[in-house]
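Visitor: Mind having a look at this structure? Questions to follow.
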Amino acid sequence: MKTTVLILILGVGLLAVAQAEEPVTGPDEVTIEEISHWFGPVEFSHGDHADMIEDCAVCHHDQEPEDAGLCSDCHEVEYDPAEFETPELKMAYHLNCIGCHQEEDAPLACEDCHERKALPEGVEMLDARQP
């Protein structure tokens, strides 16, 4: 009797595993281009990063993996004082990405992730910072 129950339990478990949904994978490549003033967009392999992290919530916090959206869905391009606990988009990217890169000894220089655009010089640089 115990053997039959054990076989039934194992069978149900194997059936559940066989019918389990495919894991949420996301896009192959990601391009972050919402804010590219002096540097070009960031392009990276979503798959490679997902394999290293193994928990979607590291990047897609406050979201279920199947509902993972863009960072800009929650983080505004410009800082919103009404949402003082939510960093603006650029800060959110840099806090998350650079923090992880520091922990993993990954590249940290701006040009490691961004293509550098021509930067203005002198007084022109001050004018370029204003919208």
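Visitor: For residue 57, state whether it is surrounded by 11 or more Cβ atoms within 10 Å (Cβ to Cβ), closer than 17 Å to residue 103 by Cβ, touching a Gly at 6+ places or on another chain (Cβ under 9 Å) and at pLDDT 80 or above.
Guide: So residue 57 fails the test.
For every residue, the table says whether it meets (1) part of a helix (DSSP H, G or I); (2) surrounded by 12 or more Cβ atoms within 10 Å (Cβ to Cβ).
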site	(1), (2)
79	no, yes
95	yes, no
98	yes, yes
112	yes, no
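Visitor: Given the conditions (1) of a type in the set (A, V, I, L, M, F, W, C); (2) under 19 Å from residue 29 (Cα atoms); (3) in a helix (DSSP H, G or I); (4) over 12 Å from the mean Cα position of the chain (by Cα), report the number of the one that residue 57 does not fulfil.
Guide: (4)
The values are calculated or read from the model by the stated rules, or taken from the named source; none is laboratory data. Keep in mind that what you see is a predicted model, and the values were worked out from it rather than measured. All Cβ positions, even for glycine, are placed from backbone atoms using ideal geometry, and neighbour counts span all protein chains on display.
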